[in-house]
1. Is it true that some residue in region 14-27 is assigned to a helix (DSSP H, G or I) and surrounded by 14 or more Cβ atoms within 10 Å (Cβ to Cβ)?
2. Using the structure shown, decide if R54 is of a type outside the set (F, W, Y), touching a residue at least 24 places away in the same chain (Cβ under 8 Å) and in contact with a Gly (Cβ under 8 Å, 6 or more places away or on another chain).
3. If you go through region 52-95 one residue at a time, how many are of a type in the set (F, W, Y), buried (at least 19 other Cβ atoms within 10 Å of the Cβ) and either at pLDDT 80 or above or over 24 Å from A32 (Cβ atoms) (or both)?
4. Being touching a helix residue (DSSP H, G or I) at 6+ places or on another chain (Cβ under 7 Å) and part of a helix (DSSP H, G or I) is the filter; apply it to region 28-49 and report the residue that is farthest from E12 (Cα to Cα).
5. In this structure, does A72 turn out to be farther than 27 Å from D29 by Cα and part of a helix (DSSP H, G or I)?
6. Residue by residue through region 131-158, note down the ones that are free of Cβ contacts under 8 Å to residues at least 24 places away in the same chain and open to solvent by less than 90 Å² (accessible area, probe 1.4 Å).
7. Going by the conditions given, is G98 on the phi > 0 side of the Ramachandran plot and open to solvent by less than 40 Å² (accessible area, probe 1.4 Å)?
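The values are calculated or read from the model by the stated rules, or taken from the named source; none is laboratory data. These numbers were taken from a predicted model, which means no experiment stands behind them. Here the Cβ positions follow ideal geometry from the backbone for every residue, glycine too, while neighbour counts run over all protein chains shown. Ligands, DNA and RNA are excluded from the accessible area calculation, which covers all protein heavy atoms including side chains. Shrake-Rupley method; radii C 1.70, N 1.55, O 1.52, S 1.80 Å.
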Amino acid sequence: LFEDESTVSFDENAPMVVVDTSELFARGDLVARLTQVCTTAWVQAVISDRDARRTRYLIREEGWRDMSSLPALQMYQQWLKLSRHYGISNIVILHKMGDLDAVGDADSQERSLAYSVVGDIENKFIFRTNTQAATDLRTRLDLPTVHVEMARQLRQGQFIAYVGQFACLVDAFATSTSWEYDLFKTDEAVLGDKADAGTITLLDHGTAIWTTEPTKERSADGTH
């Protein structure tokens with residue numbers, strides 16, 4: 001894989017660049033880690049270029065996978081602490097806090113640093129969770145008990161948002177347009193032949209989503 005020049009180039013001027021390493025994990029941890037070293041070097045070279053004067057979002061879809069070693073964790077920490085200096089926003093996505101238990105051994109420096117890195121992220125968005133994951137929210141993130149219990153009862157599309165010192169419950173529409181539905185559609189892999197996209201009602205761009213009085217129906221001209 002690494003005996004010659006790369007067969008692809010990192011286009012730093014593209015509006016979005018996706019590095020998909022999921023297939024490489026099937027070939028072994030060493031292959032995946034080597035690939036992450038290379039891609040991390042690409043990304044680091046781009047985001048550390050302050051002369052570019054561009055605001056970027058750095059999104060890690062499986063946040064724990066990039067924490068495979070102490071140097072990787074230290075780089076993680078550096079990006080978080082210098083995000084304002086670089087002009088970037090770091091987004092780390094975890095299925096549950098327990099994902100970090102895959103980092104290092106129990107009580108190891110790597111695992112402690114992984115939890116520390118995630119705990120230092122100021123803005124957090126918590127979606128519905130189960131009982132075990134709720135315990136991790138309370139012990140690892142030190143969330144209020146009432147919020148942890150709320151996280152267990154959230155409906156689809158709801159999440160608890162912690163922004164700075166404020167917390168609020170957010171109710172969002174995830175698939176209000178056809179392109180959003182196609183982007184996030186994952187039901188087919190679970191339901192197989194039972195998946196029926198026709199049951200999804202997509203909203204037109206001109207459709208009003210929010211109302212000040214959700215219990216009352218409104219006509220197109222705004223009257224009750």
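1. yes
2. The answer is yes for R54.
3. 1
4. V31
5. no
6. Passing the criteria: T131, A134, T135, R138, L143, P144, T145, H147, V148, E149, M150, G157.
7. no
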